[in-house]
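The values are calculated or read from the model by the stated rules, or taken from the named source; none is laboratory data. Note that the structure is predicted; figures quoted are calculated from it, not measured. So basically every Cβ, Gly included, is an ideal-geometry build from the backbone, and we count neighbours across all protein chains shown. Note: areas computed on protein heavy atoms with side chains; ligands, DNA, RNA excluded. Shrake-Rupley method; radii C 1.70, N 1.55, O 1.52, S 1.80 Å.
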There are 4 protein chains.
Amino acid sequence: MNHIEKLVEGFKRFRRHNYEENRALFDRLTRQGQSPKTIVVGCCDSRVDPAIVTDSDPGDLFIIRNVANLVPPFETSGNYHGTSAALEFGVRHLEVENIVVLGHAHCGGIRALLDEAPGDKPGEGFIAEWMKVASNARNRVLSRMHGEPLEKQVRACEQEAILVSLDNLLTFPWILERVAQRKLALHGWYFDMEHGELLAYNPGSNRFEALS
Amino acid sequence: MNHIEKLVEGFKRFRRHNYEENRALFDRLTRQGQSPKTIVVGCCDSRVDPAIVTDSDPGDLFIIRNVANLVPPFETSGNYHGTSAALEFGVRHLEVENIVVLGHAHCGGIRALLDEAPGDKPGEGFIAEWMKVASNARNRVLSRMHGEPLEKQVRACEQEAILVSLDNLLTFPWILERVAQRKLALHGWYFDMEHGELLAYNPGSNRFEALS
Amino acid sequence: MNHIEKLVEGFKRFRRHNYEENRALFDRLTRQGQSPKTIVVGCCDSRVDPAIVTDSDPGDLFIIRNVANLVPPFETSGNYHGTSAALEFGVRHLEVENIVVLGHAHCGGIRALLDEAPGDKPGEGFIAEWMKVASNARNRVLSRMHGEPLEKQVRACEQEAILVSLDNLLTFPWILERVAQRKLALHGWYFDMEHGELLAYNPGSNRFEALS
Amino acid sequence: MNHIEKLVEGFKRFRRHNYEENRALFDRLTRQGQSPKTIVVGCCDSRVDPAIVTDSDPGDLFIIRNVANLVPPFETSGNYHGTSAALEFGVRHLEVENIVVLGHAHCGGIRALLDEAPGDKPGEGFIAEWMKVASNARNRVLSRMHGEPLEKQVRACEQEAILVSLDNLLTFPWILERVAQRKLALHGWYFDMEHGELLAYNPGSNRFEALS
């Protein structure tokens, strides 16, 4: 059975169990439309599905997934701001109350960012271009931890990149406004796959601390 | 209990059940890294989680989620090509064998695209800018179905937009090359929430047909 | 007799026969101006003259001829949009009721487009630049028919390029509007010189089918 | 019978007569490819079909048709240089021996160019943009003939625009080279529909003189 056939089989299981059990919920969500309370900005990584990791129900989470769960800054030039468009949809149209930036351990995008030496020219292609969003995180780590093991640098950079994205969220005027009015809250979370732990950024201690 | 507390409770359930049951799998995925066989380009919509709808396991799907599950064309100008970066990561680094563009019924992004009259100037903001990726889909529907009920137009446009994204996937040279060599297969799927059906585009009949 | 002398001799024959026989028509067309009902976008190819192939009278067809009968997408940047200017003249000033994109077999422009391998960089010069209009047609053919005989690929690409031009016609707002209002109809035709057949695209069957 | 049905009927007549009578010629042109000796740059005008006006056979003329039969200057910036691409194909690939710029009386494009007063801002849209190619012709006419009847100005401008296009042809390095080597000849012709006359530009007298 190739992988596409496996997905079709998986859909049939979903159809028999999850869909049938949640039939009333799906009907309501179809009739009334979605009204999620939370946006999650997650990574494309196949090991970290935001809905599964939070055991959420259909309709709960508006989920953006890109490489390394990054939020670029507000910019009106350029084209195809996919993540910005999704934030606009969730914040202005769906009026969510929370945005969770959900990072995770062993992120390939962050590792690629750190693989270059401090003075290197940035790599070619879309990934290198995209990862520039997190260049402040890289710079902080390289300036403080130069010479330490790469594993430790990667982990630190994964967490710093979440803080960069939280900063970038505030560059969107319609986010800043709602945050100031306490209509919208921003959260930085980090899923540590290895130990099955979920950490949250605590601005008071300036650390990521276990939620669970 | 607010929504963030609910998510934390959900994580604890995930931790006790899903994570414990898949402990060996998570360990292996952490040690060896991910090697998903399929990219899914899905919508941010809270009702359509690709991993849940296909009952997939951790490590199975590299998932990109943006508004209306769109793939923009290959373009080297502009900045922050989030979706293109994710495709590059999945195709060139992870060497997936399939890309599924997973559309769905009742898509808010597609409805926004059709709400404008044929002669209207496009709206402002990131969503309108982003949805331009699907303007060929909109044009086809407006040219053929002008005057028909909006619901029918939206459904047709949701499906045409999948075809536009399939065309756009082929504009990436490293995708076209692999498709021509039969190393990578492209699929257009449509999840009909209302009836719990999964349809796939059949190029032979030029129709979306039930998979299940 | 060189070719220019032959053309002058040809004009004399035209003058004696066609012009004299249609004297009243030419007089009327001169006094009242032209009011063609149809635009034809045809190829420059010397073997496929749209007025001759449809045995049309003076005044019947507003004819645009460029390499490979392409319609570029609506774009307000750039200069010297010759085809777009001609469409604007025919649609907005002459108010034609039909646009026929007339492709044909053995098109040199399409063959040039396919001569490059999937991963090749595009060639230099105006032709390569112009033929980029049809790159989606090329991609579709290369993704589906890689390894098949070039003749079959060229024929498929000639037909796909017509569909790309039909899509591109709809990107002009004053075309989309008239098509939606049923004031203007778009047609994709294909002249098969070898067999003397004229095929038309049928959106229902997604095929080119014999008209004659 | 609508116009599209008329065109199909016209094709059937073409098929029965012209195509059958020229069967051997079409077969040869299909097998050996086209080898026209002459490019004609003609107008889209429905009253002036270059192949009909010169009673030419299939395979004789490589025909470019745009609004007002203009040749833009050689320019490598910008996109979609349709006319330049067609010239490149005819001159460099088909190696034609002649280029005829075929103007005509009562040209709507030229009239539009002259309708603006000398100090006017140019109109909007593709036509105004495209007609800028002929702005030198307009300037010459307005400087010499200001106050004369519009009809006379239009006719003079139609002829001056042919001279501008002849100048522009020489801006293409691969045209200039062949003209200097006497491998390619440039001709400026003017079809006077009203009187059924064909005029050619004579550089010696600096006039358009009857060919027939």
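Could you please tell me which pairs satisfy a Cβ distance under 6 Å, a separation of 6+ or placement on different chains, a first residue in region B:45-65 that is free of Cβ contacts under 8 Å to residues at least 12 places away in the same chain and surrounded by fewer than 24 Cβ atoms within 10 Å (Cβ to Cβ), and a second residue that is among the aromatic types (F, W, Y) and outside any loop (DSSP other than H, G, I, E, B)?
Taking only residues 6 or more apart or on different chains, the pairs are B:D55/A:F14.
Would you point out which residue out of C:L94, C:L113 is under 30 Å from B:E177 (Cα atoms), open to solvent by 10 Å² or more (accessible area, probe 1.4 Å) and modelled with pLDDT of 90 or more? Quick ask: steps written out before the conclusion?
Working: C:L94 fails: under 30 Å from B:E177 (Cα atoms).
The match here is C:L113.
Could you say whether any residue in region C:5-17 is within 19 Å of the chain's Cα centre (by Cα) and at pLDDT below 95?
no
Report the residue count in region C:142-180 for those that are among the acidic types (D, E) and out of contact with any helix residue (DSSP H, G or I) (no Cβ under 7 Å at 6 or more places or on another chain). Quick ask: steps written out before the conclusion?
Taking region C:142-180 first, the residues among the acidic types (D, E) are C:148, C:151, C:158, C:160, C:167, C:177.
Going one step further and asking which of them are out of contact with any helix residue (DSSP H, G or I) (no Cβ under 7 Å at 6 or more places or on another chain), we end up with C:148, C:151, C:177.
Number satisfying all stated conditions: 3.
Being closer than 25 Å to D:V8 by Cβ and surrounded by fewer than 20 Cβ atoms within 10 Å (Cβ to Cβ) is the requirement here; does C:K37 meet it?
yes
Could you list all residues from region C:58-71 that are within 18 Å of C:H187 (Cβ to Cβ) and either in a loop (DSSP other than H, G, I, E, B) or not aliphatic (A, V, I, L, M) (or both)?
C:D60, C:F62, C:R65, C:N66, C:N69, C:L70, C:V71
How do the pairs read when you match residues in region B:4-30 that are at the interface with chain A (Cβ under 8 Å from one of its Cβ atoms) and without any contact (Cβ under 8 Å) to a residue 60 or more places away in the chain with residues anywhere that are open to solvent by 20 Å² or more (accessible area, probe 1.4 Å) and part of a helix (DSSP H, G or I), using Cβ under 8 Å and keeping only pairs 6 or more apart or on different chains?
From residues that are at the interface with chain A (Cβ under 8 Å from one of its Cβ atoms) and without any contact (Cβ under 8 Å) to a residue 60 or more places away in the chain, the pairs are B:F14/A:I52; B:N18/A:I52.
Given (1) within 13 Å of chain C (Cβ to nearest Cβ); (2) surrounded by fewer than 20 Cβ atoms within 10 Å (Cβ to Cβ); (3) touching a residue at least 40 places away in the same chain (Cβ under 8 Å), where does B:F172 come up short, assuming only one miss?
(2)
Could you check how many residues of region B:36-57 are outside any loop (DSSP other than H, G, I, E, B) and within 13 Å of the chain's Cα centre (by Cα)?
Going through region B:36-57 one residue at a time, the tally reaches 9.
Name the helices (runs of 4 or more DSSP H) wholly within region D:129-193 that hold at least 1 residues that are closer than 18 Å to D:G103 by Cβ?
Per the criteria, D:135-145, D:150-169.
Determine whether C:A85 is assigned to a helix (DSSP H, G or I), more than 7 Å from chain D (Cβ to nearest Cβ) and open to solvent by less than 30 Å² (accessible area, probe 1.4 Å).
Criteria not met by C:A85.
Name the one entry in C:D60, C:D49, C:D55 that is of a type in the set (D, E), within 8 Å of another protein chain (Cβ to nearest Cβ) and within 24 Å of D:L199 (Cβ to Cβ).
Only one candidate passes the filter, namely C:D49.
Let's see how each residue does on (1) closer than 30 Å to B:N139 by Cβ; (2) of a type outside the set (A, V, I, L, M, F, W, C); (3) not assigned by TED's automatic domain parsing to the domain that holds C:L170:
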position: C:F26; (1), (2), (3): no, no, yes
position: C:V41; (1), (2), (3): yes, no, no
position: C:V48; (1), (2), (3): yes, no, no
position: C:D60; (1), (2), (3): yes, yes, no
position: C:V67; (1), (2), (3): yes, no, no
position: C:H93; (1), (2), (3): yes, yes, no
position: C:N98; (1), (2), (3): yes, yes, no
position: C:L102; (1), (2), (3): yes, no, no
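Which of the residues that make up region C:19-35 are more than 17 Å from D:H104 (Cα to Cα) and within 27 Å of the chain's Cα centre (by Cα)?
Listed by number, the list holds a single entry, C:N22.
I'd like to verify a number: residues in region D:194-206 that are within 10 Å of chain C (Cβ to nearest Cβ) and part of a loop (DSSP other than H, G, I, E, B), how many?
Result for region D:194-206: 3.
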